[in-house]
Amino acid sequence: MKTLLLTTLALSFFVATGTVSAVPPGMEVTWETPIGAVPLSGQTHADAGTQCEDCHTDTFEQKNGAAEMTMAEMNEGKWCGKCHNGDQAFGTADPNHCMTCHKPPE
């Protein structure tokens with residue numbers, strides 16, 4: 001009950017201040033893929049200078065599960081590939097970086 005209350009209060013704060021984010025600093029979401037889980041760290045992206053608005057809502061909707069991504073689309077500059085293009089950040093098509101995102105099961 002206490003966790004539910006704290007979560008509700010936190011969400012109310014974010015909605016009231018207009019700073020709702022799918023993955024804010026300090027949080028992480030994970031996508032399961034055939035070659036390993038892909039965790040997305042809000043903190044890592046914030047530390048790199050990325051603002052919530054850089055990805056939301058133009059590149060990604062702010063709705064869990066709204067994006068069905070493929071590596072082919074990313075390699076064409078969609079989704080994560082918008083920034084992970086080899087210029088702004090490591091490229092999604094760079095085979096030397098597959099395991100940077102894809103974490104095989106332990």
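The values are calculated or read from the model by the stated rules, or taken from the named source; none is laboratory data. Since we're looking at a predicted model, the values are computed, not measured. FYI the Cβ positions are ideal-geometry reconstructions off the backbone, even for glycines, and counts take in every protein chain you see.
Numerical summary
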item: Residues of the range 85-101 satisfying the condition of being closer than 18 Å to residue 51 by Cβ and in contact (Cβ under 8 Å) with a residue 12 or more places away in the chain; result: 89
item: Test set (1) over 16 Å from the mean Cα position of the chain (by Cα); (2) modelled with pLDDT of 90 or more; (3) not in a helix (DSSP H, G or I) - residue 106 fails condition number; result: (2)
item: Subset tally (residues that are at pLDDT 80 or above, outside any helix (DSSP H, G or I) and exposed (fewer than 15 other Cβ atoms within 10 Å of the Cβ)) for the range 42-62; result: 3
item: Within the range 63-75, considering residues that are outside any helix (DSSP H, G or I) and surrounded by 13 or more Cβ atoms within 10 Å (Cβ to Cβ), the one modelled with the lowest pLDDT; result: 67
item: Enumeration of residues in the range 78-103 that are of a type in the set (Gly, Ala, Ser) and more than 15 Å from the chain's Cα centre (by Cα); result: 86, 91, 93
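Results for (1) closer than 19 Å to residue 35 by Cα; (2) assigned to a loop (DSSP other than H, G, I, E, B), shown as yes or no for each residue.
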| site | (1), (2) |
| --- | --- |
| 89 | no, yes |
| 93 | yes, yes |
| 96 | yes, no |
| 100 | yes, no |
